[in-house]
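Below is one structure, written out as structure tokens, with a few remarks after it.
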Amino acid sequence: MRKFAERLDAQLSAMDAAQRYDNLAQLAQLAHWLKGAGGTVGYDEFTEPAARLEQLVLARSTGEIPGVLAELR
């Protein structure tokens, strides 16, 4: 659990950078990581927004991505 919390800030920063530089492949990978890792260690509140983010990225619905990233922060 502690390892997840330590890694979370870096991963969220990486998501912000991926979104800023339009690197949707990386953003999808990071969202997928958060969706799985958060729930695995008991941070279930990340699962739904991370899954939504992953779906938005895969659908290329880029207009909604900043709001979900803000929700995850």
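The values are calculated or read from the model by the stated rules, or taken from the named source; none is laboratory data. What you see is a predicted model; the values in this text were computed from it and never measured. Backbone-built Cβ (ideal geometry, glycine too); neighbour counts: all protein chains shown. Areas reflect the complete protein model, heavy atoms only, side chains present, ligands, DNA and RNA absent. Shrake-Rupley method; radii C 1.70, N 1.55, O 1.52, S 1.80 Å.
For region 8-17, how many residues are in contact with a helix residue (DSSP H, G or I) (Cβ under 8 Å, 6 or more places away or on another chain) and open to solvent by 40 Å² or more (accessible area, probe 1.4 Å)?
Selection size over region 8-17: 1.
Kindly provide the set of residues from region 40-51 that are more than 20 Å from R2 (Cβ to Cβ) and surrounded by fewer than 19 Cβ atoms within 10 Å (Cβ to Cβ), ordered by number.
Within region 40-51, E48, A51 qualify.
Among the residues of region 18-39, what is the count of those that are part of a helix (DSSP H, G or I), free of Cβ contacts under 8 Å to residues at least 24 places away in the same chain and either open to solvent by 60 Å² or more (accessible area, probe 1.4 Å) or farther than 22 Å from R2 by Cβ (or both)?
Within region 18-39, residues that are part of a helix (DSSP H, G or I), free of Cβ contacts under 8 Å to residues at least 24 places away in the same chain and either open to solvent by 60 Å² or more (accessible area, probe 1.4 Å) or farther than 22 Å from R2 by Cβ (or both) number 7.
Given the residues L12, L8, which is the only one that is modelled with pLDDT under 95 and of a type in the set (A, V, I, L, M)? Spell out how you get there, then give the answer.
Details: L12 fails: modelled with pLDDT under 95.
Testing whether each residue is modelled with pLDDT under 95 and of a type in the set (A, V, I, L, M) leaves just L8.
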